[in-house]
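Structure first, then comments.
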Amino acid sequence: MRRTVFNEEHEAFRQTLRDFIEKEVVPVHHEWEEDGHPPRDFYRRLGELGILGIEVPQEYGGAGEGFTYQAVVMEETARAGVTFGSYSVHANLILPYLLAYATDEQKRRWLPGFVSGDLMTAIAMTEPGTGSDLANIQTRATLSDDGTHYVLNGAKTFITGGALADLVLVVARTAPYDPEDRRAGLSILCVESASDGFSVGRKLTKIGMKTSDTAELSFVDVEVPVANLLGQEGKGFSYLSHNLAQERLAIALGQAAAAEAALRFATAYVKDRTVFGQPVAAFQNTKFVLAECATEVQAVRLFADRVLELHAAGELTVADAARAKLFCTEAAGRVIDKCLQLHGGYGYVTEYPIARLYADTRVTRIYGGTSEVMKTIIAKDLGL
């Protein structure tokens, strides 16, 4: 079906990006997986190409364009079977916080480096004992007696991009825990990784997302200037909720692209692979499985494009974003599993992109809010 979400400028950007990926990413991607992340200069290369600053206002060195360009990035990386490390967290998750809540001074201080790739970012919400229960955060920040800085203590885990980040948005409790209002008293502090008392702990080994570094972080009496408080003190929980719709939209779009890529990989493989003297594509089961997958991919694509349009119009609700994430991630899991099966034993070998897709897509039903959390949000929207 003809798509209407992209214009000529998007398609020109797509071709430039596709050429870049083919020439500069695909040949070395396996090295990134072995190292656990791309080289630091890769992010500067993304900055040179303008990819990191797509949505950043022009006054700070960006292009001032819309989120739809990010959808093109997701589609092209999936198409090539590669990932850009922690790029998505930096561009799709962190930036909306900075644009919405940073002061003019903070934007002048951070956004030019954000655009160039000289300042990479991460966000530290999850703790060993919290998971999805952000209201139970234990990391604490106490204002100094002279009121010039906070003293930060605590630990975070599952922090994407945490090992290489220069600036980490840390969610911490700045007021005593109130059982009557568990969401109160949380703030977001922008912590420079060069600060004394900040340390990167264990780098977590994952079954997928091999080019995206994931680390444990700890803070021991880290002094954070009050000038690095993002927004207002105590408003952290509402800030986190504000950006969840776009975060979940990004995950949904990424999985729509992953499902499409899996279908393309499998279709090409079964046409080329011969079993019992004929192509795998000649068997009725193969045709039926791919027909099922193609139908589900089309449904996912239509849904993903529609929520992208809603977001561009400023009409995407929290519940619709939850529906999109739930449907697209669950459907992508089904499609990719079927497409891997058609590869036979080769589908389990990481040399083939279908194997990487299979491993990478599993976490999408967990991060950004689990499928179970999405169902809870949708049920609430139904008045249940």
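The values are calculated or read from the model by the stated rules, or taken from the named source; none is laboratory data. For clarity, every value in this text was computed on a predicted model and none was experimentally measured. Counting neighbours? That spans all protein chains shown, and the Cβs are built from the backbone with ideal geometry, glycine included. Only protein heavy atoms, including side chains, enter the accessible area calculation; ligands, DNA and RNA are left aside. Shrake-Rupley method; radii C 1.70, N 1.55, O 1.52, S 1.80 Å.
Between helix 371-381 and the chain there is an angle of about 80 degrees, using the helix long axis and the longest principal axis of the Cα atoms. Of the GluC sites (Glu not before Pro) found in region 297-382, the ones in coil according to DSSP and having at most 14 other Cβ atoms within 10 Å of their Cβ are E315, E351.
Over region 247-304, what is the mean sequence separation of C-alpha contacts under 8 Å (at least six apart), divided by residue count, expressed as relative contact order in percent?
The value is 42 percent.
Annotation: per residue accessible area for the chain equals 46 Å², rounded to a whole number [probe 1.4 Å, protein chains only]. If you average the alpha carbon positions of region 52-89 and of region 171-218, how far apart do those two centres end up, in angstrom? So the two Cα centres are separated by 24 Å.
How high is the FRET efficiency from Q138 to A294, r the C-beta distance, R0 51 Å, rounded to 0.05?
About 0.60, to the nearest 0.05.
Cross-link reach is defined here as a Cα-Cα straight distance under 21 Å, omitting same-chain residues fewer than 8 places apart; for K375 the lysines meeting it are K325. How high is the relative contact order of region 7-104, in percent, with contacts defined as C-alpha pairs under 8 Å that are six or more residues apart? It comes to 28 percent, rounded to a whole number. You can think of it this way: the chain between N7 and A100 has 30.8 nm of extra reach, that is 0.36 nm per residue less the Cα-Cα gap.
The distance separating the Cα centre of region 326-343 from that of region 234-252 comes to 26 Å.
Build a GNM of the chain with springs between Cα atoms under 10 Å apart, and of A135, A266, A91 the one that fluctuates most is A135.
In terms of packing, defined here as the mean over residues of other Cβ atoms within 10 angstrom, the peptides 179-190, 18-29 line up highest first as 179-190, 18-29.
For region 118-205, the carbon plus sulfur part of the accessible surface works out to 49%, probe radius 1.4 Å. Taking 7 Å steps out from each Cα toward its Cβ at S238 and Q284 produces label points 6.2 nm apart. Structure note, pairs K107/K235; K23/K210; K107/K203; K156/K210; K23/K203: Cα-Cα distances above 27 angstrom occur for K107/K203; K23/K203. The sum of -39500 (n - 2.57) across all DSSP H runs of n ≥ 4, divided by the residue count of the chain, sets its helix-only mean residue ellipticity at 222 nm to -15000 deg cm²/dmol.
Consider a paramagnetic label point 7 Å from the Cα of K23 along Cα→Cβ; state which residues of region 49-77 have an amide N under 15 Å from it. Only 49-50 pass the distance filter.
For region 257-384, what does the relative contact order come out to in percent, with C-alpha contacts under 8 Å and a separation of six or more? Relative contact order of region 257-384: 31 percent. Take 51-58, 146-153 and order them by the average number of nearby Cβ atoms within 10 Å per residue, most first; the result is 51-58, 146-153.
Expressed as a whole percent, the accessible surface of region 243-384 that belongs to carbon and sulfur atoms is 58, based on a 1.4 Å probe.
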